[in-house]
1. Calculate how steeply helix 91-103 sits against the longest principal axis of the alpha-carbon atoms of the chain, using the helix alpha-carbon long axis, and give the answer as 0 to 90 degrees to the nearest 10.
2. Figure the gain on full extension for ALA279 and ASP131 (residue separation times 0.36 nm, minus the Cα-Cα span) and round it to one decimal in nm.
3. Students often forget the sequence filter, so: which aspartates and glutamates lie under 17 Å Cα-Cα from LYS259 once same-chain residues fewer than 8 apart are removed?
4. Roughly what would the spin-label model give for SER254 and LYS180, points 7 Å off Cα along C-beta, in nm?
5. Sorting VAL117, VAL58 on the 10 Å Cβ count, fewest up front, what's the list?
6. Please give the FRET efficiency for LEU308 paired with ALA46, using the beta carbon to beta carbon distance and R0 = 41 Å, rounded to the nearest 0.05.
7. Could you give the length gained by full extension between SER262 and ASP172, i.e. 0.36 nm per residue of separation minus their alpha carbon distance, to one decimal place?
8. Which ³J(HN,Hα) values in Hz, rounded to whole numbers, follow from the phi angles of region 83-90 under the Karplus curve 6.51 cos²θ - 1.76 cosθ + 1.60, where θ = phi - 60° and Gly and Pro get x?
Amino acid sequence: MVWKTLGAVFAAAVLSGSLQIAVAQESQESQSFTQYLDSLKSDAKAQGIDSTTLDSVVAKIKPFKRAVFADKAPSEPKSSLETYLPHVVPEWKVEKARSLFKTHRAELEAIGSKYGVQPRFILALWGIIADFGTDSGHLPLFSVLASSAYEGEREAFFKEQFFAALAILERDSIDFDALKGSWTGTIGQTQFTPSQYLKFAQDGDGDGKRDIWNNTQDIFASLAYYLQQAGWQGDGTWGRQVQIPKTFDTSLASLGVKKTFSQWSSLGVTRFDGSKLPAREDMQISLILPDGEKGRKYLIYDNYRALLKWQESDYFAISVTYLSERIKYPAIK
């Protein structure tokens with residue numbers, strides 16, 4: 001994602017207790033913001049956005065001041081995966097995921113078959129990035145994007161998203177008031193940026209709409225399509241936890257180093273239970289040590305790399321895959 005360093009878990013924590021947004025008072029600053037809106041409007045016209053749309057949108061935008069205090073945000077233990085995973089994927093979330101899998105099994109299986117993504121991964125991704133829909137954003141999107149661009153930090157990015165949001169209004173006829181998002185500018189239960197919405201949002205139930213705020217079939221289809229486009233392989237899995245010998249050369253633990261199972265076996269890598277790795281030569285896989293050689297070790301496959309395109313974080317990818325494994329085992333009847 002464009003804004004990969006802000007994971008959905010942190011965003012949820014900030015939104016729940018630490019984000020303070022207040023309408024700015026009439027002042028020289030707000031007048032300057034009005035002037036900035038005029039420049040945004042001119043730039044949008046140059047990109048072909050309809051004047052009627054622009055007039056309607058700009059008239060409703062209000063300046064917002066964001067005050068995000070990281071030191072006041074709920075702490076997110078990242079000392080190791082041993083503390084992080086129970087925090088991000090507690091037992092209640094596992095139980096909820098398994099219950100939702102049963103509820104949505106038919107639509108998940110249909111969408112998974114269409115896009116070539118196993119249902120458990122679609123559901124796990126949804127659970128991690130949006131807490132199964134409870135974190136979909138409630139802020140007026142255009143005001144957030146325009147104010148963020150005006151603040152100057154990452155102005156080009158927020159301007160791009162502002163123009164993309166305008167394109168959403170025109171293409172999908174979504175009302176201004178319905179375009180709600182998070183303080184980072186992501187939208188819906190897929191946590192897409194507006195530009196990602198234009199590229200990846202899908203009509204999962206064939207009703208002619210792409211409702212990533214309320215329609216689970218559209219949400220599942222959009223997440224599955226994203227993973228498909230990221231290179232997901234529906235006939236494979238993500239990786240496995242392994243063990244390495246004490247004499248192992250840890251410089252080989254890198255996404256940039258790829259070897260076959262046989263090659264890793266020859267270096268002493270085994271399954272987590274100590275048994276031999278699969279005897280196959282058709283995969284190029286990497287070894288990662290997210291917490292160093294004293295922490296967990298994983299051999300990871302191409303599907304894991306697809307998750308990293310969503311967010312470049314081993315902790316994020318492993319949280320999704322961990323939840324997917326808890327959905328899979330024991331089998332849901």
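1. Value to nearest ten degrees: 80.
2. Working: separation 148, 0.36 × 148 = 53.28 nm, distance 3.81 nm.
This chain segment gains 49.5 nm when fully extended.
3. Straight-distance partners of LYS259: ASP249, GLU281, ASP282, ASP302.
4. 4.7 nm
5. On the way: VAL117 27, VAL58 17.
Listing VAL117, VAL58 from fewest to most nearby Cβ atoms yields VAL58, VAL117.
6. 0.70
7. Values: separation 90, 0.36 × 90 = 32.40 nm, distance 5.07 nm.
Length gained, SER262 through ASP172: 27.3 nm.
8. Rounded to whole hertz, the list is 9, 5, 4, x, 6, 7, 10, x.
Bear in mind that the values in this text are calculations on the coordinates, not laboratory data. All values derive from a computational prediction rather than experimental measurement. Because the Cβ atoms are built from the backbone with ideal geometry, glycine has one as well, and the counts that use them run over all protein chains shown.
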